[in-house]
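To start, the structure itself, in structure tokens.
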Amino acid sequence: MDKKAELTEFLRTRRARLQPEDVGLRPYGGRRRVPGLRREELAQQPG
């Protein structure tokens, strides 16, 4: 696996572990296609 693919997989698995409620966000939308935080939700988080 190349470095880019490894990083992609790493980030995907870490995002999948978190739910919006875990980081203080209200869930919106309803059903999600993939588990965890959306990229936009993650980008809103500090640090």
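The values are calculated or read from the model by the stated rules, or taken from the named source; none is laboratory data. Owing to the predicted nature of the structure, the values given are computational and were not obtained by experimental measurement. Here the Cβ positions follow ideal geometry from the backbone for every residue, glycine too, while neighbour counts run over all protein chains shown.
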Q: Only residues that are exposed (fewer than 10 other Cβ atoms within 10 Å of the Cβ) and at pLDDT below 85: list them for the range 2-38, please.
A: R26, Y28, G29, G30, R31, R33, V34
Q. Restricting the first residue to the range 1-22 and requiring it to be in a helix (DSSP H, G or I), which pairs with a second residue that is exposed (fewer than 12 other Cβ atoms within 10 Å of the Cβ) and among the acidic types (D, E) meet a Cβ separation below 8 Å and a spacing of at least six or different chains?
A. none
